[in-house]
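Engineer: I'd like to ask you about the structure that follows.
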Amino acid sequence: MLGISKKDMTILLVVIVLALCAPFILNPFPTGSAMAQFNAGYPDLMQRFVIFGIFAIGFNILFGLTGYLSFGHAAFLGVGSYSAVWMFKLLSMNVVPAILLSMIVAGLFSVLIGYVSLRRSGIYFSILTLAFAQMSFNLAYSVLTPITNGETGLQLTLSDKRYLGQSVTESGSIPVTNFFGLEMRSTYDLAVGGWNFQFNAGYYLCAIIMIVAFYVSMRIFRSPFGLMLRAVKSNQQRLNYTGINPKPYTLAAFVISGIYAGLAGGLMASMDPLAGAERMQWTASGEVVLMTILGGAGTLIGPVLGAGFIKYFENIFSKINDTVLHQWFAFMPDGLEDVVVFIVHPFVGKGWHLTLGILFMLVVTFLPGGLVEGGQRIAKLFKREKAPAVPPSDPEHHPKETPHVAE
Amino acid sequence: MGILEVKGVNKRFGGLQALGDVNLSVAENTVHAIIGPNGAGKSTLLNCLVGKLIPDTGSVMFDGQSVLGRTPYEINQMGISRVFQTPEIFGDLTVFENMVIPCFAKRDGSFRMHAFESVVQEQDICLQAEQMLVDVNMQDKRHMHAASLSRGDKRRLEMAMCLSQKPRLLLLDEPTAGMARADTNNTIDLLKEIKSTRDITIAIIEHDMHVVFSLADRITVLAQGTPLVEDSPENIRGNPKVREAYLGEAA
Amino acid sequence: MDAVLLQILNGLDKGSAYALIALGLTLIFGTLGVVNFAHGALFMLGAFCAVTLSRILTLSFETIDETKVDFLGNPLKVKTPYVESWFGPETGGAIIDWAVPLSILFAIPVMITIGFIMERGLIKHFYKRPHADQILVTFGLAIVLQELIKYFFGANPIPTPAPDVFKGSFDFGVLLGYDPNVIIYPYWRMVYFLFSTIIIGGVFAFLQFTTFGMVVRAGMADRETVGLLGINIDKRFTFMFGLAAAVAGIAGVMYAPINSPNYHMGMDFLVLSFVVVVVGGMGSLPGAVLAGFMLGILESFASMNWIKDIIPGIDQIIIYVVAIIILLTRPRGLMGRKGVMED
């Protein structure tokens, strides 16, 4: 069905179920219980899960398949956000035209950057994309202030035209983003026992778009086009001598991933209509690289897992402060408790980035295939007890030993 | 008029004259061997034929069209396939996927944006690839990673990938270099079979005399970048000039 | 003409910093074949060596001066740095004043140690891994280093003044017959430029005239062959990494008075230094130095007002634009060697 194999259908169904039932799954602990701090079923957090999931899925089409490591994808995300906010300012608060425009603009922008950057490969490519992204960031921050509103970031105001909508609501405030009238911020609360589940319209829009994005990436992975992209990563020389021009294939992959990034940026702005230059900074590009690698570059489900994992722990870690730590380690003798809290302290709260950096190094060093590979290793351990390991037939689930970047 | 006509090709690297006035004509449906001592310019000549190098002067015509200034993939699309000295295959992909790619290249040309079809649904391509694997007796390895194949199998896979495109000219760059005797003999058998079952022209660069004399219809001896002599294997064997330049050194 | 001269001078110090970082990057890349995204962090660590030393030197004890009172009427607490009480106020004061130059002595062993630990502990395991993995792991390391600094020193820039002697500016214009105050140049920037020239010269002399340097140069040209000769190239490369770290570190130390150190200064410089390396030509030491100065000066020219009037914002992007043009027209960079990181 849908032109995909049974096995892929299962993966797709898992993703669909996870995405649609997220308000339940991410809220396992009753409100008010001690464990409630580990809940993640809040609309804005869930929105971030799926939006970054989309970003990572797109990045994976470039990096996972072709091995071209771009350090500039945040630029497309930023461009998408700016376009969407402009659409809200000029046209109406409907998210559909905004999202479409953000994809188109990011796509055009990525054609331009991709065409130049892909003249080179390997680390030159990484540096070129990095330079482009940094350049876009500088431009957005200073020169293009009329378009980007510089440091402050682009926001909606009461004086915006909104030719197809209204500038000001009857109550005198800025109108909110909507999907043909359905307000993105509208949330239905469902209280069951001690639990409180929140169903947010914006989240569901993002989730459905992510499912579509995931399905598209699945089709690409299984298509002849995807095969060519993997061939680009494996051996460009052979590809050339097999009568195939790798350039348009890689450019197409670059543009597709740019459009995904633009889509993510557009959705971000649709959920919260503002856009700032910091979204384009190269640390933001680094984050999506990390998500993809942590989940498992070149695998279908990996980027989604990586994005969820990072955004979840970012949220949890940022909430932990010394009081929480003391609660946790209260069972220890006093002196030891203080020592442990002192050691853990730098890694939580505002220190989340430190944890992230260490995680990054550990994953690249010990688990280059990411969580997916880790899961497979564990699965293999269990399987080995039952039957001798059979070489898996699916190539994408293998860690690559050959260089990621064409040399 | 041969299928491949090389006329007056010169190539210089700084002070080194790698190729000096090379003329070569490869007749259709023959096996033409190019031999010569190390540094004779064999590889340079080959690279000029496939678009990796551009000669300083001279012309290279394939089937009446010039190949000069064209990229390797364009030249491949004209009908020239190349087998490398060390097998160049897609190591990360399975054997089957390796076979599928050249079939797509043959059917769809150098670029086609077929992002929404599924590979497994392209039945004619899959059948073609499957058939080719059967031909080279590798169907049982179809799910293996190409990188994990033995060297001999990699060579066979590469050859099969080239042949699946039904090239008019197959270029072989020392296909038995570094191989054990048994593997070499297998390769010779494979090439003999290819020669007898297909309409194909083969140009082969080789160091191993055993291979050359078991396969070639014509032999060109290259020495110091210039063709010394071109003749049939029998005559080459007896040619004193060749003995001096090449066989003497080899013996 | 005077404006041109002024911009050249202004570009020199930034150019020197680019050149020093790019030199280290190239040394590491050329010898070890590793793309080090953490090199900017080394520069930043150097700057914080200066911060640390000046903090150590100003460690004080409190005494109560009964003769004076503060505005609340309590006896005034006077802080006296230990250094001043040990060496007397004059010598002690001078030592504190010269904290930044003194930090060089402090930074060299520290940075070499950090370099050794980095190479032996981490980078070593990545020689055989793909370049993408090297980029990623050093990127992770850069984040870790900068977050550690942020944790200990906070997020705000920390002013670290140069010695009093070097405060003020030198009037170049008068020397060349212009009116006073037309071409003025801060003394410390001049020091920085001279200092970088000496370091760069030192590194080149070291590579040119010592046996060690010769082996390293040979190793850069052809690592395998030198390895075959039975020379333990790995050990020398570890030392090379230490050296590159030290060069980046002292570049950072001396830069501290020019730009108050903050935790993300490394990243800011790294991106530009990569651009410098690429423009100069991957693996070419003279190329890195040349491109460093060239881009520094170019940036300075682009920030001239009348140029900014013609093309607004050009100062923000000039380096990137030049880099992109050069990479597209001369893919190997200005002085790149054939065969280094070719496609």
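Taken together, the values in this text are just the output of simple stated rules run on the coordinates, not laboratory data. Bear in mind that the values here come from a model prediction, so they are computed numbers and not experimental data. As a convention, Cβ positions derive from the backbone with ideal geometry for all residues, glycine included, and neighbour counts pool all protein chains shown.
Engineer: If you plug each phi of region A:150-159 into the Karplus form 6.51 cos²θ - 1.76 cosθ + 1.60 with θ = phi - 60°, what whole-Hz ³J(HN,Hα) values come out, in order, with x for Gly and Pro?
Structural biologist: In residue order, the calculated couplings are x, 4, 5, x, 7, 10, 7, 10, 6, 8 Hz.
Engineer: For B:43, A:285, C:60, A:81, what ranking results if the residue with the fewest other Cβ atoms within 10 Å of its Cβ goes first?
Structural biologist: Numbers: B:43 17, A:285 25, C:60 14, A:81 32.
In increasing order of surrounding Cβ atoms, one gets C:60, B:43, A:285, A:81.
Engineer: What is the ratio of the Cα radius of gyration of region C:7-52 to 2.2 N^0.38 Å, with N the residue count, to two decimals?
Structural biologist: After normalising by residue count via 2.2 N^0.38 Å, the value is 1.33.
Engineer: Still on this model: Could you list the trypsin sites (Lys or Arg not before Pro) in region C:36-106 that lie in coil according to DSSP, counting only those with at most 12 other Cβ atoms within 10 Å of their Cβ?
Structural biologist: Values: sites: C:55, C:68, C:77, C:79; in loops: none.
Those that pass, being in a loop and sparsely packed, number zero.
Engineer: Counting Lys +1, Arg +1, Asp -1, Glu -1, what net charge surrounds residue B:2 among other residues with beta carbon under 14 Å of its beta carbon? Walk me through the intermediate numbers first.
Structural biologist: Details: positive: B:7, B:168, B:218; negative: B:5, B:28, B:63, B:217, B:230.
Result for the neighbourhood of residue B:2: -2.
Engineer: Give me, ordered by chain and number, the residues 5 or more places off residue B:33 or on other chains with an amide H under 5 Å from its own placed amide H.
Structural biologist: B:204, B:217, B:218, B:219, B:220
Engineer: Let me ask something else. What is the percent of Cα-Cα separations in chain A that go past 38 Å?
Structural biologist: Working: 19918 of 82621 pairs.
Result for the distance tail: 24 percent.
Engineer: Under 15 Å between alpha carbons, and skipping anything fewer than 8 positions from residue A:89 in its own chain: which aspartates and glutamates qualify?
Structural biologist: Reachable aspartates and glutamates: A:160, A:272.
Engineer: Related question: Going by average Cβ neighbours within 10 Å, how do the peptides A:98-106, A:325-333 rank, with the highest at the top? If you can, show how the numbers build up before the last one.
Structural biologist: Values: A:98-106: 23.8, A:325-333: 12.8.
Descending packing order for the listed peptides: A:98-106, A:325-333.
Engineer: Provide, for q = 0.16, 0.19, 0.21 Å⁻¹, the log10 of I(q)/I(0) from a solvent-free Debye sum over equal Cα point scatterers in region B:62-193.
Structural biologist: Relative scattering, expressed as log10 I(q)/I(0), comes to -0.85, -1.15, -1.34.
Engineer: While we're on this one: Restricting things to alpha carbons, tell me how big chain C is in terms of Rg and Dmax, in Å.
Structural biologist: That works out to 22.4, 79 Å for Rg and Dmax.
Engineer: Which whole number gives the average, over all residues in A:108-119, of C-beta atoms from other chains lying within 10 Å of the residue C-beta?
Structural biologist: Per-residue shielding by partner chains comes out at 1.
Engineer: Hand me the chymotrypsin sites (Phe, Trp or Tyr not before Pro) from region A:109-197 located in a DSSP loop with no more than 16 other Cβ atoms within 10 Å, in residue order please.
Structural biologist: Details: sites: A:109, A:115, A:124, A:125, A:132, A:137, A:141, A:163, A:179, A:180, A:188, A:195, A:197; in loops: A:163, A:180.
In loop regions of region A:109-197 (DSSP not H, G, I, E or B), the sparsely surrounded chymotrypsin sites (Phe, Trp or Tyr not before Pro) are A:163, A:180.
Engineer: What relative contact order, as a whole-number percentage, does region B:91-151 give when Cα pairs under 8 Å and 6 or more residues apart are counted? Write out the running numbers ahead of the final one.
Structural biologist: On the way: 43 pairs, mean separation 38.2, N = 61.
After rounding, I find 63 percent.
Engineer: Under a crude label model (7 Å from the Cα following the beta-carbon direction), how far is residue B:217 from residue A:185 in nanometres?
Structural biologist: So the two model labels end up 8.2 nm from each other.
Engineer: Looking at region C:114-162, which trypsin sites (Lys or Arg not before Pro) are in a loop (DSSP not H, G, I, E or B) and have at most 12 other Cβ atoms within 10 Å?
Structural biologist: Here the trypsin sites (Lys or Arg not before Pro) that fit, given the DSSP loop and packing criteria, are C:128.
Engineer: I would also like to ask the following. Using the Cα atoms as the points, what is the convex hull volume per residue of the protein assembly as shown in Å³?
Structural biologist: 256 Å³
Engineer: Counting helices only, and only those DSSP H runs with n ≥ 4, report the 222 nm mean residue ellipticity of chain C as the sum of -39,500 (n - 2.57) divided by its residues, in deg cm²/dmol to the nearest 500.
Structural biologist: Rounded to the nearest 500, it is -23000 deg cm²/dmol.
Engineer: Hey, got the Cα dimensions of region A:1-154 along the principal axes, in Å, largest first?
Structural biologist: The Cα atoms of region A:1-154 stretch 49, 40, 32 Å along the principal axes, largest first.
Engineer: Still on this structure: Just for the Cα atoms in chain B, what are the lengths along the principal axes, largest first, rounded to whole Å?
Structural biologist: Result for chain B: principal-axis Cα extents of 58, 40, 33 Å.
Engineer: For region C:39-101, take N as its residue count and report Rg(C-alpha) divided by 2.2 N^0.38 Å.
Structural biologist: 1.50
Engineer: Of the beta bridges DSSP finds with both residues in region B:132-236, what % are antiparallel, to the nearest 5?
Structural biologist: 50 percent
Engineer: Shifting gears a bit: Residue by residue, what Karplus-based ³J(HN,Hα) values in Hz, rounded to whole numbers, does region C:322-333 have, using 6.51, -1.76 and 1.60 with θ = phi - 60° and x for Gly and Pro?
Structural biologist: The phi angles translate into 4, 4, 5, 5, 5, 5, 7, 8, 10, x, 8, x Hz.
Engineer: Take every residue in peptide C:316-329, count the Cβ atoms of other chains within 10 Å of its Cβ, and give the average of those counts.
Structural biologist: Per-residue shielding by partner chains comes out at 4.
Engineer: Can you show me the helix-derived [θ] at 222 nm for chain A, built from DSSP H runs with n ≥ 4 at -39,500 (n - 2.57) apiece and divided by the number of residues, rounded to the nearest 500.
Structural biologist: Dividing the helical sum by the residues of chain A leaves -20000 deg cm²/dmol.
Engineer: Also, quick follow-up: Could you give the nm distance between label points at residue A:330 and residue A:380, where each point is 7 Å from its Cα heading toward the beta carbon?
Structural biologist: Those two pseudo-labels are separated by 4.4 nm.
Engineer: In terms of modelled amide H atoms, which long-range or inter-chain residues lie less than 5 Å from the amide H of residue A:320?
Structural biologist: When sequence neighbours closer than 5 places are left aside, the close amide H contacts are A:349.
Engineer: Which whole-number value in Å³ per residue fits the convex hull of the alpha carbons of region C:1-122?
Structural biologist: 212 Å³
Engineer: Give the percent of DSSP beta bridges with both residues in the protein assembly as shown that are antiparallel, rounded to the nearest 5. Write down the numbers at each step before the final one.
Structural biologist: Numbers: 40 of 58 bridges.
So the antiparallel bridges amount to about 70 percent of the total.
Engineer: Further question on the same structure: When all C-alpha to C-alpha distances in region B:29-82 are sorted into bins of 5 Å, what percent of pairs does each bin hold, rounded to whole numbers?
Structural biologist: All Cα pairs considered, the percentages come to 4, 19, 26, 25, 18, 7, 1.
Engineer: Quick check on chain B: helices-only [θ] at 222 nm, where DSSP H runs of length 4 and up contribute -39,500 (n - 2.57) each and the sum goes over total residues. Nearest 500, please.
Structural biologist: Numbers: 8 runs with 87 residues, N = 251.
Mean residue ellipticity, 222 nm, calculated: -10500 deg cm²/dmol.
Engineer: So, how do all the Cα-to-Cα distances of region B:91-151 break down into 10 Å bins, in percent, from 0 on up?
Structural biologist: So the P(r) values, bin by bin, are 22, 52, 25, 2.
Engineer: Report the net charge of residues surrounding residue A:318, where surrounding means a beta-carbon distance below 12 angstrom and charges are Lys +1, Arg +1, Asp -1, Glu -1.
Structural biologist: Surrounding charge for residue A:318 is +2.
Engineer: Taking θ as phi - 60°, what are the ³J(HN,Hα) couplings along region A:219-228 by the Karplus curve (6.51, -1.76, 1.60), each to the nearest whole Hz, with x for Gly and Pro?
Structural biologist: Per-residue couplings from phi come out as 4, 5, 4, 8, 8, x, 4, x, 4, 4 Hz.
Engineer: Say the cut-off is 23 Å between C-alpha atoms; which of A:233/A:380; B:106/B:154; C:14/C:308; B:11/B:42 go over it?
Structural biologist: In this structure, A:233/A:380 lie more than 23 Å apart at Cα.
Engineer: Another question, then. Using label points projected 7 Å from each Cα along Cα→Cβ, tell me how many nm separate residue C:155 and residue A:37, to one decimal.
Structural biologist: So the two model labels end up 2.1 nm from each other.
Engineer: A follow-up question, please. Take the Cα atoms of region C:154-204, find their three principal axes, and give me the spread along each one in whole Å, biggest first.
Structural biologist: Cα spread of region C:154-204 along its principal axes, largest to smallest: 44, 35, 19 Å.
Engineer: Okay, moving on. Starting from one equal scatterer on each C-alpha and no solvent at all, send me the Debye-based log10 I(q)/I(0) for region B:1-148 at q = 0.11 Å⁻¹, two decimals.
Structural biologist: The Debye formula, applied to the Cα set alone, gives -0.57.
Engineer: Could you give the angle, 0 to 90 degrees to the nearest 10, between helix B:95-108's Cα long axis and the longest principal axis of the Cα atoms of chain B?
Structural biologist: 80 degrees
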